[in-house]
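Enquirer: Input: one structure, supplied below.
The values are calculated or read from the model by the stated rules, or taken from the named source; none is laboratory data. Keep in mind that this is a model prediction, so the values were computed, not measured. Every residue, glycine as well, gets a Cβ built from its backbone with ideal geometry; the counts of neighbours run over all protein chains shown. Only protein heavy atoms, including side chains, enter the accessible area calculation; ligands, DNA and RNA are left aside. Shrake-Rupley method; radii C 1.70, N 1.55, O 1.52, S 1.80 Å.
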Amino acid sequence: MVSRVIPVDPFDLVLFGATGDLAKRKILPGLYRRFHDGQMPEEARIIGAARSELDDDGFRALVAEAIAEFVDERRSDPKMIEAFLQRLSYVPVDARGSDGWQQLAGKMQPGRIRAFYLSVAPALFGDLAERLHQHGIADETSRIVLEKPFGRDLASARALNATLAEHFQESQIYRIDHYLGKETVQNLMAVRFANILFEPLWNSQYVDHVQITVAETVGVGGRGSYYDKSGAMRDMVQNHLMQLLCLIAMEPPYHFDPDAVRDEKLKVIRALDPLGPDDLVRGQYRSHQGEPGYLEDAENSASRTESYIALRVHVANWRWKGTPFYLRTGKRLRARASEIAITFKEPPHSIFDEAGGDWRENQLVIRLQPNEGMNLKVMIKEPGPGGMRLVQVPLDMSFAEALGENGEDIPDAYERLIMDVIRGNQTLFMRGDEVEAAWAWTDPIIAGWEARGDRPQGYDPGSSGPEDALMLLHRDSRRWREIKE
Ligand code: NAP
């Protein structure tokens, strides 16, 4: 299978925070890959902006280094890199100052798509939005792209939405959740809504439970004091895991249209039951064999912030009444693995006797990383003359193999999302009311554990998380899937 590259229209992309970590690791190498593959037109231009006093050549040197470090060799053609660098320029601006803005305004060309990517701290979003308007740089057709985190609670998310609304229409605002840019996540919608096979079974009558896991092996070292103000609930659940849950649980939208999809996701968030203390487990990784634990990494020996969280969530509607969704995410776990597993119920009656082998539930596993793909576990007869014995086999669909050797042709989530911004397609971006609804559900849960003075339970690095998280499922006579790559 060869993926088709459909070029986008010429654009001017202003990248605020162009000297930052995310720009260097993801955004700029991603733009280069799109250029290399012929999706970014020759006339497109990228204008870097940050406070650092760089000129165009200085910025190009910085981007050349980022490409050398983060782009695979197959795309490291010096002529191609040089052609890309010629699309770049740089303007020093301070989001809170007045210098540089006129120069930036002078660089804008009329009649092109204009996008402003704010890869800066959220505290600067309002300042940048205001100045873009003040200096006539943004107009009613411009697009503004915002990085996470979008607020730290309902009040701050509302305030941010209100500030943005002073300068931009909702149809111009692209709130990034890079999980939504993954090939598999979009494929989830294709599998659900372009096939008749799954949808009739996609409800509490046939689905026993759903597990959503986002496990990381890294700790919070390096950004510990920043992370300590947030924790796994705010950093991962309120946005990424919640979005995955929505895509699994939502009703079919009437059309694959941004607002139709987002309306359905919003209904799921609003249908989430409040959580009680027995529905969640929080953890903190311990120090281990001389390696610092969470408390040392966070530089806060009294910290009660969680580096791990597991939740049992119910979607209170007709489709899902009685089917639990188990969510877990954590740092310093056994393996780096993100997946969604849908476990179906037993057939109502087995015609095979016990000698027929080990019966197991059908399971649809959607892997987000590593090795994006899907895998449907079905029971078949064990091949051979051993009589009617059953065995479970996976029907495997690895996108990496399907789309090119080692999956290198699968665009990174950021690449796909930036191209969607240029195309003006908001389907894979969170709408303001979705973000607010997610915080409205999350806030009381956080307030609950703060009021109770709960402490996260310790867990060993390299493990599957705290003991109590295992018990969360054991109590329901279920088991977590093994965390493995
Ligand atoms: P970073 O490395 O600290 O970069 C921040 C950028 O903002 C730099 O280019 C900095 O450049 C610029 N900047 C700071 N103050 C400024 C001001 N007053 N006016 C104009 N520019 C200013 O941060 P990052 O890791 O790239 O993260 C950027 C955003 O992405 C944040 O919202 C973060 O939460 C989000 N994010 C990051 C990651 C990641 O993996 N890094 C992942 C998800 C989300 P100067 O110092 O030259 O001004």
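Enquirer: May I ask you to give the percent of accessible area on region 265-378 that is carbon plus sulfur, with a probe radius of 1.4 Å?
Expert: Carbon-and-sulfur percentage of accessible area, whole number: 47.
Enquirer: Calculate, in nm to one decimal, what Ser398 and Ala68 gain on full extension: separation in residues at 0.36 nm each, minus their alpha carbon distance. Don't skip to the end; give the middle numbers.
Expert: Numbers: separation 330, 0.36 × 330 = 118.80 nm, distance 2.81 nm.
Length gained between Ser398 and Ala68: 116.0 nm.
Enquirer: I've got another one for you. If you restrict to DSSP beta bridges whose two residues both lie in the chain, what percentage is antiparallel, to the nearest 5?
Expert: Working: 42 of 76 bridges.
If I count the DSSP bridges inside the chain, around 55 percent turn out antiparallel.
Enquirer: If the only charges are +1 at each Lys and Arg Cβ and -1 at each Asp and Glu Cβ, what is the size of the charge dipole of region 11-147 around the Cα centre, to the nearest 20 debye?
Expert: Working: 18 positive and 22 negative charges, 59 e Å.
For region 11-147, the charge dipole is close to 280 debye.
Enquirer: How long is the gain from Glu82 to Asp139 if the chain were fully straight, where each residue apart is worth 0.36 nm and the alpha carbon distance is subtracted?
Expert: Working: separation 57, 0.36 × 57 = 20.52 nm, distance 3.13 nm.
Net length gain for the segment: 17.4 nm.
Enquirer: Check Ser463: other-chain or 5+ apart residues with amide H under 5 Å from its amide H, H built from backbone geometry?
Expert: Amide H to amide H, under 5 Å and 5 or more residues apart or across chains, Ser463 pairs with Arg334.
Enquirer: Next question, about the same structure. At a 1.4 Å probe radius, which order do Met430, Met80 fall into by accessible area, largest first? Write out the running numbers ahead of the final one.
Expert: Details: Met430 15, Met80 60 Å².
I get Met80, Met430, largest accessible area first.
Enquirer: Treating only the Cβ atoms of Lys and Arg (+1) and Asp and Glu (-1) as charged, compute the dipole magnitude of the chain about its Cα centre; round to the nearest 20 debye.
Expert: On the way: 59 positive and 74 negative charges, 125 e Å.
Value, rounded to 20: 600 debye.
Enquirer: Using the eigenvalues of the Cα gyration tensor, what equivalent ellipsoid semi-axes result for region 11-147 when each is taken as the square root of five times the eigenvalue, whole Å, largest first? Don't skip to the end; give the middle numbers.
Expert: Values: eigenvalues 121, 50, 35 Å².
Equivalent-ellipsoid dimensions as semi-axes: 25, 16, 13 Å.
Enquirer: Sticking with this one: Share of region 11-147's accessible area from carbon and sulfur, percent, 1.4 Å?
Expert: Working: 2680 of 5800 Å².
C and S atoms contribute 46 percent here.
Enquirer: Set the Förster radius R0 to 51 Å, insert the Cβ-Cβ distance between Arg319 and Ala61 as r into 1/(1 + (r/R0)^6), and round the FRET efficiency to 0.05. Could you put the intermediate results ahead of the total?
Expert: On the way: r = 54 Å, r/R0 = 1.07.
It comes out at approximately 0.40.
Enquirer: How do the peptides 171-180, 362-371 rank, highest first, by the average count of neighbouring beta carbon atoms within 10 Å per residue?
Expert: Working: 171-180: 21.4, 362-371: 19.3.
Those peptides, ordered most packed to least, come out 171-180, 362-371.
Enquirer: Which one, Val185, Gly387, Trp101, is farthest towards the positive end of the dipole of the chain when Lys and Arg carry +1 and Asp and Glu -1 on their Cβ?
Expert: The one lying farthest along the dipole's positive direction is Gly387.
Enquirer: Mind grabbing the accessible area of Asp21 for me, 1.4 Å probe, Å², rounded to tens?
Expert: 100 Å²
Enquirer: Also: Through the Karplus equation 6.51 cos²θ - 1.76 cosθ + 1.60, θ set to phi - 60°, convert the phi angles of region 468-478 into ³J(HN,Hα) values in whole Hz; use x for Gly and Pro.
Expert: Residue by residue, region 468-478 yields 4, 5, 5, 5, 3, 8, 4, 4, 9, 6, 9 Hz.
Enquirer: If I model a spin label as a point 7 Å beyond the Cα along the Cα-Cβ vector, how far apart are those points for Asp21 and Arg479 in nm?
Expert: About 3.7 nm, to one decimal.
Enquirer: Let me ask something else. Quick one: length gained pulling Asp257 to Asp37 fully straight, 0.36 nm per residue minus the C-alpha distance? Write out the running numbers ahead of the final one.
Expert: Working: separation 220, 0.36 × 220 = 79.20 nm, distance 2.66 nm.
Working it through step by step, the gained length comes to 76.5 nm.
Enquirer: Using a basic spin-label model with each label point 7 Å from the Cα along Cα→Cβ, how many nm lie between Ala302 and Ala447?
Expert: About 2.4 nm, to one decimal.
Enquirer: Roughly what would the spin-label model give for Arg270 and Ile380, points 7 Å off Cα along C-beta, in nm?
Expert: 4.5 nm
Enquirer: So what is the diffusion coefficient of region 248-392 in µm² per second by Stokes-Einstein at 37 °C and 0.692 mPa s, using a Kirkwood Rh over Cα pairs? Mind showing how you got there, number by number?
Expert: Numbers: Rh = 19.5 Å.
Value of D from the Cα-based Kirkwood radius: 168 µm²/s.
Enquirer: What area, in nm² and to one decimal, does the C-alpha convex hull of region 122-172 cast on average over all directions?
Expert: Working: hull surface 13.2 nm².
Taking the Cα atoms of region 122-172, their convex hull projects to 3.3 nm² on average.
Enquirer: If you restrict to DSSP beta bridges whose two residues both lie in region 11-147, what percentage is antiparallel, to the nearest 5?
Expert: Working: 0 of 20 bridges.
Restricted to region 11-147, the bridges split so that about 0 percent are antiparallel.
Enquirer: What do the square roots of 5 times the Cα gyration tensor eigenvalues come to for the chain, in whole Å, largest first, as semi-axes of the equivalent ellipsoid?
Expert: On the way: eigenvalues 322, 146, 101 Å².
Equivalent ellipsoid of the chain: 40, 27, 22 Å, largest first.
Enquirer: Could you state the accessible area per residue of region 11-147 in Å², with a 1.4 Å probe and every protein chain left in place?
Expert: Working: 5800 Å² over 137 residues.
So region 11-147 comes to 42 Å² accessible per residue, rounded to a whole number.
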